[in-house]
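First the structure, in the form of structure tokens, and then the observations on it.
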Amino acid sequence: MLGELPAFAFATAGAIRFGRGEALRAVPDIAALGPRILLVTGASTARADWLVVALQDAGCSVFLCPTPAEPDVELIASGVARARAAEVTTVVALGGGAAIDAGKAIAALVPATRPMLDHLEVVGQGLPLDHPPLPFVAIPTTSGTGAEVTRNAVIAVREAHRKVSLRDAQMLPRLAIVDPSLTDHCPRGVTLASGLDAITQVIEPYICTRANPMTDALCRAAIPMGLAALPRLMADEDKAARDAMAWVSLAGGLALANAGLGVVHGLAGPLGGLSNAAHGAICGALLPYGIAANGACATGQAATRLAEVRGWIAEALGGSADTACVTLAHWSRAQGLPGLDALGIDAKMRQMAAQSAATSSSMKANPVALDAETLLGIMEAAR
């Protein structure tokens, strides 16, 4: 029977281009945004040489800004200063989630007149931007965060031992270019951790309290696709599986930006700030136990959707739906995913994360309320 559909809004990047070869084909569109480009990269700027040459051939001046680690306040401030000194007109980020978040934050803050802290959530005032960001183009080279279509940038505040968001609707990229060929031959460990993050980011919006028909359409197809593609990439390099994971990552970014996340990301944010462990690895370690904890308490639609998720896991990895969470945990460890202990996350950090998760924006959409004891149990199981 037909039921009444909920009201919802959906916002994303100004334009999305998906497909092999799209990054190079999009160079004229990037150049049209402005002639002076700050190119934010990962630690190795050499991997961006092809884009530097292409942009220069299109008449642009390019200023490089490497991101050697996940962005923190100091790195963003340095990037903003460099962009202002070079009088850049556009910011382009080529790399993983760290580079894209850094580029997004720099583009947002170059025109801003208030201090960065005024705009940061949790540790600051969370004020909206007082000026529109510079045009920003995101080109991911990993399939994980979906940051190319989100409206926030995650920034570490070292003195507070937290990772928090700079968030504003104006921060949605002007152009998101998802070219799966840029992810080919990504190292196996990065593929595993980022892939599990991408899968988490289509599961959590699907089961969260703010799911809507548009995000459901994305997630319902992407969850089984990701669960099928990632094991193929653990076995061998596979272009079709790379394409699938690039789409799953993009779908996750679209979904989380327009619905919400849940307990896995609610814990992963504080744990990342406390430990400096890689975000994707934390999410992958927590995912089976977050599903199990929600499943133990959920009722109604949330319970139905969690059962669907367990069924998709069983279909992809074997075993039964009833044991799917254990199957996923064992499979991830067998592929080389570290547990929380190996990631340097100790008992004190877990205790602090359980307390901090209560104020995490990700926890607000979790399908059930989970107390601190349950959160600690999730992290203990993920060790």
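The values are calculated or read from the model by the stated rules, or taken from the named source; none is laboratory data. Everything quoted here is computed from the prediction, not taken from an experiment. Reconstructed Cβ throughout: ideal geometry from the backbone, glycine too, with neighbour counts over all protein chains shown. Remember, those area values only see protein heavy atoms, side chains included, never the ligands or the DNA or RNA. Shrake-Rupley method; radii C 1.70, N 1.55, O 1.52, S 1.80 Å.
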- Residues that are surrounded by fewer than 24 Cβ atoms within 10 Å (Cβ to Cβ), of a type in the set (G, A, S) and under 18 Å from L192 (Cα atoms), drawn from the stretch 244-264: A244
- Can you tell me which residue in the stretch 56-73 is surrounded by the most Cβ atoms within 10 Å (Cβ to Cβ), limited to those that are of a type in the set (D, E) and farther than 23 Å from L33 by Cα? E70
- Do any residues in the stretch 232-243 that are under 13 Å from L192 (Cβ atoms) have Cβ atoms under 9 Å from those of residues that are among the hydroxyl-bearing types (S, T, Y), where the two are at least six apart or on different chains, and which pairs are they? L233/T191; M234/T191
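For the stretch 331-345, does any single residue satisfy the condition of being modelled with pLDDT of 95 or more, part of a loop (DSSP other than H, G, I, E, B), aliphatic (A, V, I, L, M) and open to solvent by 40 Å² or more (accessible area, probe 1.4 Å)? Talk me through it step by step, then tell me what you get.
First pass over the stretch 331-345, keeping only residues modelled with pLDDT of 95 or more: 331-345.
Still in the list and also part of a loop (DSSP other than H, G, I, E, B): 335-345.
Checking the rest, the ones that are also aliphatic (A, V, I, L, M) come to 337, 340, 342-343, 345.
Filter again for open to solvent by 40 Å² or more (accessible area, probe 1.4 Å), leaving 342.
Yes, the stretch 331-345 contains a residue that is modelled with pLDDT of 95 or more, part of a loop (DSSP other than H, G, I, E, B), aliphatic (A, V, I, L, M) and open to solvent by 40 Å² or more (accessible area, probe 1.4 Å).
Which residues, taken from the stretch 119-159, are of a type in the set (D, E, K, R), modelled with pLDDT of 95 or more and surrounded by fewer than 24 Cβ atoms within 10 Å (Cβ to Cβ)?
At the first step, the residues of the stretch 119-159 found to be of a type in the set (D, E, K, R) are 121, 130, 148, 151, 158-159.
Still in the running and modelled with pLDDT of 95 or more: 148, 151.
R151 - this is the single residue of the stretch 119-159 that is of a type in the set (D, E, K, R), modelled with pLDDT of 95 or more and surrounded by fewer than 24 Cβ atoms within 10 Å (Cβ to Cβ).
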- Message: For the list (1) within 30 Å of H161 (Cα to Cα); (2) without any contact (Cβ under 8 Å) to a residue 12 or more places away in the chain, I need the number of the one condition that L75 fails.
- Response: (2)
- Taking the stretch 35-53 only, how many residues are over 17 Å from L24 (Cα atoms) and within 21 Å of the chain's Cα centre (by Cα)? 3
- Note on the structure: Here the qualifying pairs (Cβ atoms under 6 Å; residues six or more apart or on different chains; first in the stretch 350-377 and of a type in the set (D, E, K, R); second crowded, with 22+ Cβ neighbours inside 10 Å) come out as R350/M379
